[in-house]
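Notes for the one structure printed next.
Values in this text are rule-based calculations from the coordinates and carry no lab data. Quantities reported herein were computed from a predicted structural model and do not represent experimental measurements. Here the Cβ is made from the backbone with ideal geometry for all residues, glycine too, and neighbour counts use every protein chain on show.
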Amino acid sequence: MAFGKIGLFFLRHKGLRGGILFLGVLITGCLILSINGVRDYWEQLFALATAKIATRILTCLGMGIQADGNFLALHGFNVAIGPGCIAFYEIFVFAAAITAYPLRMKDKFAGVVLGVVAVWATNLLRVIGLLISGVYFPSVFELLHDHVAQAIFILFMVVLWISWVGKCTKRIAAQ
């Protein structure tokens, strides 16, 4: 009988259910990443992909960038694309937020797929912007890297999530 009451409690409290689902997705992601070699493999893959695509974009813009794996050099300013530069954990948080919101699985799947692409692409622009800022404004690079760019990136993720929720709920209300 107690299990039935707990089940009814969760059915009536969608916010609590969503919060538990959010934490569950995050914990599951962290547990998967804690398996020996899994995190290292994916971090290296994302770092190399980020460095390679950033190099191609900056080359297309006519900037003299040099790349060696995940190390980039632009006009004497050198950076290494490391685990904190690949939006790995931000993608997990965004996917967890999408998954936890009470909508159809079809909407969640589309939100996760499109959202992950948008978050990663925005992070790529953040990396490129920080690299350029390091060349032209080296005295404020640390401030931009550690605080400003990160805050803007988080704000983008929140706005993207709110936009997704708004679009999905508006479509459902119209049906």
### Query
What whole number of Å gives the distance from the Cα centroid of segment 20-62 to the Cα centroid of segment 94-121?
17
## Note on the structure
Tilt, helix 105-136 to longest principal axis of the chain (alpha-carbon atoms), in degrees rounded to tens, equals 20
### Task
Taking the chain as the reference, fit the longest principal axis to its C-alpha atoms, fit the long axis of helix 2-12 to the helix C-alpha atoms, and give the angle between the two in degrees, 0 to 90, nearest 10.
60
### Task
Give me the distance in nm between label points sitting 7 Å out from Cα along the Cα-to-Cβ direction at residue 48 and residue 151, one decimal.
3.6
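Return the calculated 222 nm mean residue ellipticity for the chain, to the nearest 500 deg cm²/dmol, obtained by summing -39500 (n - 2.57) across DSSP H runs with n ≥ 4 and dividing by the residue count.
Rounded to the nearest 500, the figure is -24500 deg cm²/dmol.
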## Note on the structure
Exposure-ranked with fewest Cβ neighbours within 10 Å first, 164, 120 stand as 120, 164
### Summary
The alpha-carbon pair-distance distribution computed for segment 16-174, with 5 angstrom bins and whole-percent values, is 1, 9, 16, 18, 17, 14, 11, 8, 4, 2, 0, 0
### Task
Relative to the longest principal axis of the C-alpha atoms of the chain, give the angle of the C-alpha long axis of helix 88-100, reported between 0 and 90° and rounded to the nearest 10°.
20
### Difference of contour (0.36 nm per residue) and Cα-Cα distance, residue 39 to residue 169
43.3 nm
### Task
For the chain, calculate the relative contact order in percent as a whole number, restricting contacts to Cα pairs under 8 Å that are 6 or more residues apart.
20
